[in-house]
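The values are calculated or read from the model by the stated rules, or taken from the named source; none is laboratory data. Keep in mind that what you see is a predicted model, and the values were worked out from it rather than measured. Note that each Cβ is placed from the backbone with ideal geometry, even for glycine, and that neighbours are counted across all protein chains shown. Accessible surface areas use protein heavy atoms only, side chains included; no ligands, DNA or RNA. Shrake-Rupley method; radii C 1.70, N 1.55, O 1.52, S 1.80 Å.
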Amino acid sequence: MELKKYQQEVINDLILYLEEVEKTNNINQAFSNLWEKKGFPINDIENDYLQPYDNSIVGVPRVTVKVPTAGGKTFIACNALKPIFEFFPSEKPKVVVWFVPSDTILKQTFNSLNDPSHPYRQRIDSHFRNSVKVYDKEALLFGQGFNPTEVKEQLSILVLSVQSFVETVRNNKPRAYRENENLAEFVTHFHDLKANLTDVDNTALIQVIAYLNPVIVIDESHNFEADLRIDMLNNINPSFIFDLTATPRNKSNIISFVDAHKLKKSNMVKLPVIVYNHQDTNEVINSAIQMQKTLENKAKEQELLGGKYIRPIVLFQAQPKSADDNITFEKIKENLIEIGIPETQIRIKTANKNELKNEDLLSKSCEVRFIITVNALKEGWDCPFAYILASLANKSSAVDVEQILGRVLRLPHVTKHQDELLNYSYVFTSSSDFLDTLGKIVKGLNNSGFSAKNFRAPQLEKKEQSEEVKKKSLLGGLFGGGSEGNSTLEDGDKDDIEIDTEEVKKLTTSPDQKKHIDELLKTSKEAGQAYDKQLEKLENDDSLIPAELRDQVNTYPIKEGFKTEAVKTRLPSFHIRTTPSLLEEERIVPLTKGLLLKGFELDKQDIIIDLTRTSSKMAAVDLEEGRKDEFTPKYKYVNAQVKEQFSEYIATLSPEGKVNQIAGKLAAKIRKIDEISEQQILKYIKKILSNLNSEKLAEIAANEGFYTSVIKKKINRLSSNYAEDQFSKMLDKGTIICRESFSFPDKIQPKNTHSGITKNLYVEEGEMNGFEMRVINEIANLNNVLFWHRNLERGKGFLLNGFINHYPDFIVKLKNGITVLIETKGEDRDGSDSQSKLKLGKIWEAKAGQSYRYFMVYETEKLEEARTVAELLDILENIK
């Protein structure tokens, strides 16, 4: 099981935040930098979702990802553990407290994470070398496999409910707070660490967890906001908190949004939700039954053609007078049987009655097609076969679908089905206040992380009721019975469900029935197709802007006068031919540095490296490591005693043992570089250290931050040189080619804008410094210039890819059809990578063809082949 594209984007956002924490040593600044890089300055946006960083848990990074229902939050969390722990000191115990909101989800999560054959566990095992153990509360309290030795050698996942730490039991203390001899060994092991809770015995489970300074994963955090008090989280002494939710709480530090259209594109959900309002409950039941049959027939046809098994299910949502009103549910069941539905196909699922307990709803041997419920099917109940939610509330009753609407959204088999009707979900109601009903549906969508854009409410042709039906509707008591002498309903019965089984049978066999179903299917298809078109447009226009922020961002379209030429303009970039195999033909894919590093063997490279430690070199490192305030992540605090213990431990080892221990710590700090594995990095560091004496090794062990930086720079130089060499060779062989790929987007969303210079492609262009403005202003005033554009960075603009990634400052289109890339270098630029950019740009110019040029322009001093402003203007004015 692999991550979907949007799930990988969430992990990328998490890594970007962690990298910013590493750079800034400040969890608040890291959060601001993250959104700054995405083009959304925190202080410039007024939004319910995106606000300045909330540091309620002082010094502990706490971030949230907003993922709608059916978006795979648990799998995202499984993939988040590796990058989180990679940024922690290597000696830190790898312990995760995984909080879930209910007993049902606790059982599901524990079973999934504890099962070696489950995709969740398999992914975690692959990231932590199969050294993983999962615990529930009972195993922890009894110390079953939970001891300091085990914890030190593995990833330990503690699946718990928040209630374990807040419930009131004997003496008002949860068991997690009580003295526990089963955990006494931890006290000895952590004797030099300060206890977190002064009034709790050191052997209590919560105290032991606090010693371990765990990462906390909070699944569906919106469900237990009241329980997640700041003091409770502080008691657990977390090192990092990772929230996953469809509906973030106030003051959530959201680092990633997943939009509904991404789930739809990845075939995770049945969207849109198609809503039909009927004249009465009888029509609702009839439509639900007929739609179920129709969808099942289509599923069978699809299965015969090689598709997977699907048995569409209807959720009948009753509205009983009270929580224990079992009479209502049983009566509905009797009515459905009387209408002609086999009893084996009907189940009741309420708070007090659970006929689904032993059912495997996805099994071919299961007969269930209709489930009668109220709100019992909330989070934790997931059956992708649930397609139709039918509300049995009377016309005069409020429709309350928001709690369980999310249960019909998951798409079976995570694949787009051949018949489009199997890709949608359906809600049938009969309400006199349909606008209120739609409001409830929107609320239900919001509860699941979706919005009003994800449903459609097409109108069916209204049928005139017969006088007999009108009379029954007026006079009928519960389920259509009652005395004809009653002209009004009793107050206590006005919300009762009215089902006239004979009327439903008549509807089923009516000559108009086929016409009604055909119309239902036709309007459903039209609504679904309209939704798909809207999503396609959204994907093209605003794929980089989260829906929650779209109204906060200014977008600037291409000017009308330039649209025709802009659409025709395509910029080439470098692509690489993949090596064909027996299983796969040759493909041409965009070039990345990672592809250039295939075959790079770091451990076979030279180890010529200056390990001299001067005071000036150390100053910056010492200054950075010495900064500590309320925003400094606590996990980066290095305990002096721990450092001293490590140094003493190193002194007792053999030369080989010293090299192995120190190399392991340095490799863990460096982590992965480009496509170079941690194992290769470890081997290379051992190769460097193996020639050093004991005194130098001790010095490196005591100053690992400085030496990590030195070695990392060396590895980057080696990999860059190798990539550049491979790039040149592959160009000569024809393995790397130049192919048109980039086109101008219809709209741009620059962070800051600039206007006032003529011939700009977009209504407003991105910001520029003084030298850049002077250069492009003079270029724009040349007679042969058609338009210019300030190229955007970080995935939003044109990337000149090669042995480095380069976003040139400007794209200029001349009237003769030539497109020019321009990179400016003012006095404020250090020029450290200028030579590489210029070299890559000139190679691109040679390979792209006669219609393309690349220039680097300097304000004062310049590299060979670069130009002054005057030289560039002369060339552009006379270019042929």
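Non-local amide H neighbours of V97 (under 5 Å, H modeled in plane, Pro and chain starts lacking H): which ones?
L158, V215, I216, V217
With θ taken as phi - 60° and the coefficients 6.51, -1.76 and 1.60, list the Karplus ³J(HN,Hα) couplings across the stretch 94-103 in order, rounded to whole Hz; mark glycine and proline as x.
These are the phi-based 3J(HN,Hα) values: 8, 10, 10, 9, 9, 8, 10, x, 8, 4 Hz.
Over the alpha carbons of the stretch 667-748, what is the largest minus smallest coordinate on each principal axis, giving the biggest first in Å?
59, 37, 18
Just to make sure I understand: if all protein chains stay in place, what is the order of R129, R249, R407 by accessible area at 1.4 Å, largest first?
The ranking, largest first, comes out as R129, R249, R407.
Among the listed pairs K37/K747; K38/K66; K751/K842; K270/K308, give every one whose C-alpha distance is greater than 20 Å.
The answer is K751/K842.
Protein chains only, probe 1.4 Å: how do T555, T198 rank by accessible area, largest first?
T198, T555
Please compare each pair in K593/K796; K440/K537; K416/K733; K672/K696; K658/K729; K5/K665 to a cut-off of 30 Å on the Cα-Cα distance and tell me which ones are over it.
From K593/K796; K440/K537; K416/K733; K672/K696; K658/K729; K5/K665, over 30 Å: K416/K733; K658/K729; K5/K665.
Taking θ as phi - 60°, what are the ³J(HN,Hα) couplings along the stretch 768-782 by the Karplus curve (6.51, -1.76, 1.60), each to the nearest whole Hz, with x for Gly and Pro?
My calculation for the stretch 768-782 gives 9, 8, x, 5, 4, 5, 5, 5, 6, 5, 5, 5, 4, 8, 6 Hz in order.
Using a 1.4 Å probe and counting only protein heavy atoms, arrange S451, S834, S432 so the residue with the most accessible area comes first. Each step should come with its number before you reach the end.
Values: S451 40, S834 0, S432 90 Å².
Sorted by accessible area, descending: S432, S451, S834.
Amide H to amide H under 5 Å from R410: which residues, 5+ apart in sequence or cross-chain, H placed 1.01 Å off N in plane?
K270
Using a 1.4 Å probe on the protein heavy atoms only, what accessible surface does T758 show? Give it in Å² to the nearest 10.
Probe radius 1.4 Å; accessible area of T758 about 70 Å².
With θ set to phi - 60° and the Karplus curve 6.51 cos²θ - 1.76 cosθ + 1.60, what are the ³J(HN,Hα) couplings of the stretch 207-217 in order, to the nearest whole Hz, using x for Gly and Pro?
Karplus values, whole Hz, x for Gly and Pro: 5, 5, 4, 5, 4, 7, 6, x, 7, 10, 9.
Tell me the label-point distance for the pair L435, D746, using the 7 Å Cα-to-Cβ offset, in nm and rounded to one decimal.
3.1
With a 1.4 Å probe and all protein chains kept in place, how much accessible area does F855 have, in Å² rounded to the nearest 10?
10
Using a 1.4 Å probe and ignoring any ligands, DNA or RNA, find the accessible area of V414 and quote it in Å² to the nearest 10.
We get 70 Å² for V414.
Under a 5 Å amide H to amide H cut-off, with H placed in plane at 1.01 Å, what residues pair with V427 once short-range neighbours are removed?
The list, which skips near neighbours in sequence, is I274, V275, Y276, L389.
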